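J.: Once you've had a glance at the structure underneath, I'll fire off some questions.
The values are calculated or read from the model by the stated rules, or taken from the named source; none is laboratory data. These numbers come from a predicted model, not from an experiment. Glycine gets a Cβ as well: all are built from the backbone with ideal geometry, and neighbour counts include every protein chain shown. The protein model used for the area step is the full one, side chains on, heavy atoms only, and it has no ligands, DNA or RNA in it. Shrake-Rupley method; radii C 1.70, N 1.55, O 1.52, S 1.80 Å.
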Amino acid sequence: MNPSPFERNTFWSVSIGSLFYWISQHAVHPGAMQRFIAVSSLQKAKGVMLWSFVGFVVIKVVIILEGLLLYATFHDCDPLATKMVKKSGQLLPYYVIQVAKDYPGLTGLFISGVLSAALSTMSAKLNTVAGTIYEDFVKFFLKGKRLSEAKQAFSLKVITLILGIISICLVFVVEKLGALYQMVVTLNGFTSGSLVGIFSLGIFFPRANYKGAIAGALTSLVVMSGIISGSQLYIARGMLRFPGKSTSVEGCPAEFIENLGFNVSARVQTYKGVGTPVVADPAVPLLFQLSYKYFTATGSIITLLVGLLVSYLTDPQGDTSQLDPRLLAPCVRRFLPPRERPNPQEELKLMTYNNKNEDAVKCS
């Protein structure tokens with residue numbers, strides 16, 4: 001229950017920090033947006049989110065049970081201490097291999113499940129990034145020139161291929177960044193905070209402008225890049241460590257321990273307290289000890305503060321009565337002045353334009 005943001009895992013970091021992280025993944029992420037607009041109504045989009053949450057709760061419960069099972073199995077013969085595995089992320093495959101030797105086919109089933117999950121996730125991510133690059137960059141450089149459908153499809157395939165090659169190359173970098181879960185949340189912190197901040201700025205603050213949004217996002221990217229890069233550097237140097245729960249090698253066969261050729265007892269974990277300790281060298285600045293759970297939240301707050309300041313110092317939105325209330329949160333709409341109703345001729349033109357757009361969307 002320690003409220004300090006420099007403690008690695010606490011009730012507050014999991015509750016508050018994870019809230020911002022999951023908002024970034026399921027409310028404003030381009031992949032989530034593509035799923036929302038793939039269905040025909042707002043009600044169905046809500047259903048997509050609801051059933052996604054049900055699935056994630058099931059997955060999280062299974063993962064927690066797996067973690068408890070791994071600790072119960074290996075706490076008295078730590079594979080990390082005996083160097084049977086090099087990283088904690090390898091414990092689950094190692095466990096499956098140990099169990100599967102008595103059950104033919106189980107190893108193959110596990111591998112197929114892992115690969116299926118990885119490929120489905122990667123295909124969705126690559127598709128999202130490729131589509132975003134094409135829409136926001138390729139079309140911009142084409143300067144209004146329209147490509148045939150075949151050329152568009154070919155362009156997207158080339159972009160996806162390049163992204164896939166980059167992803168493969170980054171494997172050699174990722175494997176040096178420590179624990180897998182912390183690394184994933186940490187890397188998301190580079191951009192997720194600015195993404196949540198931009199959407200929050202537009203949804204909750206009617207007077208914010210594009211200059212504030214851009215300034216806030218860029219500031220967040222620069223600051224979070226510095227914090228995250230610094231913390232990862234100190235972790236790689238061994239100056240910032242997070243010892244795990246107490247383990248031993250007392251349950252390992254005596255002959256096995258004798259043949260290892262190194263002092264195994266010096267490699268076991270010894271922490272028996274609550275939570276996860278942060279062991280930092282005195283030379284590590286406090287800022288770089290910030291819990292990885294708070295990276296997205298910190299980036300969001302920076303984007304909001306800088307965005308609001310720049311918006312009000314430049315040219316804030318003046319006549320808020322002209323804003324479309326559907327673009328703002330329901331709790332904010334009540335504070336907007338009443339909109340001026342357009343004259344009948346203009347309203348008719350607007351309705352005709354909207355109907356044509358709806359027909360085009362349905363057709364496509």
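J.: Arranged from highest to lowest average of other beta-carbon atoms within 10 Å per residue, in what order do the peptides 112-125, 226-239 appear?
T.: On the way: 112-125: 11.3, 226-239: 16.2.
Most protected by this proxy first, the peptides run 226-239, 112-125.
J.: Have a look at TYR103, THR314, ILE64 and report the one farthest towards the positive end of the charge dipole of the chain, computed about the Cα centre with Cβ charges (Lys/Arg +1, Asp/Glu -1).
T.: Of the candidates, THR314 comes out farthest on the positive side.
J.: Which of the peptides 147-160, 196-209, 21-34, 298-311 is most tightly packed, and how do the rest follow, judged by the mean count of other Cβ atoms within 10 Å per residue? Could the numbers behind the result be given before it?
T.: Values: 147-160: 12.7, 196-209: 20.2, 21-34: 17.4, 298-311: 22.0.
The densest-packed peptide leads the list: 298-311, 196-209, 21-34, 147-160.
J.: Taking only Cα atoms, what is the 0 to 90° angle, nearest 10, from helix 295-313's long axis to the longest principal axis of the chain?
T.: 30 degrees
J.: Compute the helix-to-body angle for 42-74: its Cα long axis versus the longest principal axis of the chain, expressed 0 to 90° and rounded to tens.
T.: 10 degrees
J.: Taking the 0 to 90 degree range and rounding to the nearest ten, how far is the long axis of helix 149-174 tilted relative to the main principal axis of the chain, both from C-alpha atoms?
T.: 30 degrees
J.: Net charge near CYS252: determine it from the other residues with C-beta under 9 Å of the C-beta of CYS252, scoring Lys and Arg +1 and Asp and Glu -1.
T.: Values: positive: none; negative: ASP76, ASP78, GLU250.
Neighbourhood net charge equals -3.
J.: Here is a follow-up. In terms of solvent-accessible area of protein heavy atoms at a 1.4 angstrom probe, what is the ranking of ARG267, ARG35, highest value first?
T.: On the way: ARG267 100, ARG35 125 Å².
Largest to smallest exposure gives the sequence ARG35, ARG267.
J.: At 0.36 nm per residue, minus the direct Cα-Cα distance, what do ALA38 and ASN127 gain on full extension? Give it in nm, one decimal, please.
T.: Value of the extension gain: 30.6 nm.
J.: Within the accessible area of the chain, what % is carbon and sulfur when the probe is 1.4 Å and the other protein chains stay in place?
T.: Values: 16040 of 23770 Å².
After summing per-atom areas, the C and S share lands at 68 percent.
J.: May I pose another question? Between beta-carbons, use under 9 Å as the cut-off and find the net charge around THR276, counting Lys and Arg +1, Asp and Glu -1.
T.: Its environment carries a net charge of +1.
J.: Quick check: residue separation of SER229 and LYS46 times 0.36 nm, minus the Cα distance between them. What number comes out in nm? Can you show the working numbers first?
T.: Values: separation 183, 0.36 × 183 = 65.88 nm, distance 3.65 nm.
Going from the current span to full extension adds 62.2 nm.
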